[in-house]
Amino acid sequence: MDYHDNEWGSPVFDDRKHFEFLVLESAQAGLSWITILKKRENYRRAYNGFEPEKVARYGEKKKAALLADAGIIRNRLKIEASINNAKHFLEIQKEFGSFSKYIWSFTMSKKGQCRQITGKWKTLAEIQARTELSDRISADLKKRGFKFLGSIIVYSHLQATGIVNDHLTSCFRYKELVNKDLTQKLNKNK
């Protein structure tokens with residue numbers, strides 16, 4: 001409840017927070033989100049506060065420690081993907097100035113305004129698990145070398161980080177977050 005009321009769907013411009021959600025969303029594949037939320041602090045500890053620069057340098061010793069850490073999901077493919085993705089995350093930062101600028105660029109208006117995609121859902125059954133946008137971003141991330149970030153995981157990331165507002169129209173958060181020009185916030189956070 002606290003996660004929904006205070007975090008989910010709030011626009012994120014901080015790269016470390018984006019990296020955190022990428023790690024957590026890919027770890028969640030095949031599991032419930034509540035399972036990951038309960039392990040979030042363990043992930044934060046195990047992954048050095050989600051500093052992609054540190055995660056990108058993880059070697060075999062750290063990988064073995066992560067595989068032995070009962071506080072996180074001990075799936076070899078997911079752990080290896082998180083380390084691999086950290087390296088490519090840094091490449092995107094270098095190319096675009098920040099990962100945030102990269103990911104938000106997929107929703108830029110023709111006038112260069114950063115905007116949130118806003119659903120107009122009345123029931124949970126209407127919300128999609130993936131969209132053309134998440135298909136496109138996932139394909140681009142895969143082309144850049146990312147792993148374990150298919151379209152459904154990417155769509156979850158877009159929802160969690162507020163790039164997509166999928167709160168129901170009856171939810172108080174929907175009105176708080178509804179489609180505003182976010183360009184200044186994007187440009188302030190590098």
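The values are calculated or read from the model by the stated rules, or taken from the named source; none is laboratory data. Computed from a prediction, not measured in an experiment: that's the story for all the values here. Neighbour counts are summed over all protein chains in view; Cβ atoms, including those assigned to glycine, are modelled from backbone coordinates with ideal geometry. Protein only, heavy atoms only, side chains kept; ligands, DNA and RNA dropped before computing areas. Shrake-Rupley method; radii C 1.70, N 1.55, O 1.52, S 1.80 Å.
Check GLN113 against each of (1) out of contact with any Asp or Glu (no Cβ under 8 Å at 6 or more places or on another chain); (2) open to solvent by 50 Å² or more (accessible area, probe 1.4 Å) and name the one condition it does not meet.
(1)
Would you check which residues across the stretch 2-34 are polar (S, T, N, Q), open to solvent by 50 Å² or more (accessible area, probe 1.4 Å) and farther than 19 Å from SER151 by Cα and list them?
ASN6 - this is the single residue of the stretch 2-34 that is polar (S, T, N, Q), open to solvent by 50 Å² or more (accessible area, probe 1.4 Å) and farther than 19 Å from SER151 by Cα.
Does the stretch 56-106 hold any residues that are touching a residue at least 24 places away in the same chain (Cβ under 8 Å), under 24 Å from GLN159 (Cβ atoms) and of a type in the set (A, V, I, L, M, F, W, C), and which are they?
Within the stretch 56-106, ILE72, ILE73, LEU77, ALA81, ALA86, PHE89, ILE92, PHE99, ILE103, TRP104, PHE106 meet the criteria.
Collect the residues in the stretch 143-177 that are closer than 20 Å to LYS120 by Cβ and under 17 Å from the mean Cα position of the chain (by Cα), keeping them in residue-number order.
At the first step, the residues of the stretch 143-177 found to be closer than 20 Å to LYS120 by Cβ are 155-156, 158-177.
Matches in the stretch 143-177: TYR155, SER156, LEU158, GLN159, ALA160, THR161, GLY162, ILE163, VAL164, ASN165, ASP166, HIS167.
Quick one: GLU41 ticks every box in (1) part of a helix (DSSP H, G or I); (2) touching a Ser or Thr at 6+ places or on another chain (Cβ under 9 Å) bar one, so which box is it?
GLU41 satisfies every listed condition except (2).
Inside the stretch 67-89, can you point out the residues that are open to solvent by 50 Å² or more (accessible area, probe 1.4 Å) and in a helix (DSSP H, G or I)? Step through it out loud before you land on a result.
Filtering the stretch 67-89 for residues open to solvent by 50 Å² or more (accessible area, probe 1.4 Å) gives 68, 70, 74-77, 80, 87.
ALA68, ARG76, LEU77, GLU80, LYS87, listed by residue number.
Just the residues that are open to solvent by less than 10 Å² (accessible area, probe 1.4 Å) and either of a type outside the set (A, V, I, L, M, F, W, C) or in a loop (DSSP other than H, G, I, E, B) (or both), please, taken from the stretch 98-110. Give the steps one after another, and end with the answer.
Residues of the stretch 98-110 open to solvent by less than 10 Å² (accessible area, probe 1.4 Å): 98-100, 102-104, 107.
Within the stretch 98-110, SER98, SER100, TYR102, THR107 qualify.
Of the residues ARG136, ARG130, which single one is assigned to a helix (DSSP H, G or I), basic (Lys, Arg) and in contact (Cβ under 8 Å) with a residue 24 or more places away in the chain? Give the derivation first.
Details: ARG130 fails: assigned to a helix (DSSP H, G or I).
Result: ARG136 is the single residue among ARG136, ARG130 that is assigned to a helix (DSSP H, G or I), basic (Lys, Arg) and in contact (Cβ under 8 Å) with a residue 24 or more places away in the chain.
When you look at ILE117, is it aliphatic (A, V, I, L, M) and at pLDDT 95 or above, yes or no? Steps first, answer last, please.
Working: aliphatic (A, V, I, L, M): yes; at pLDDT 95 or above: no.
For ILE117, the condition - aliphatic (A, V, I, L, M) and at pLDDT 95 or above - is not met.
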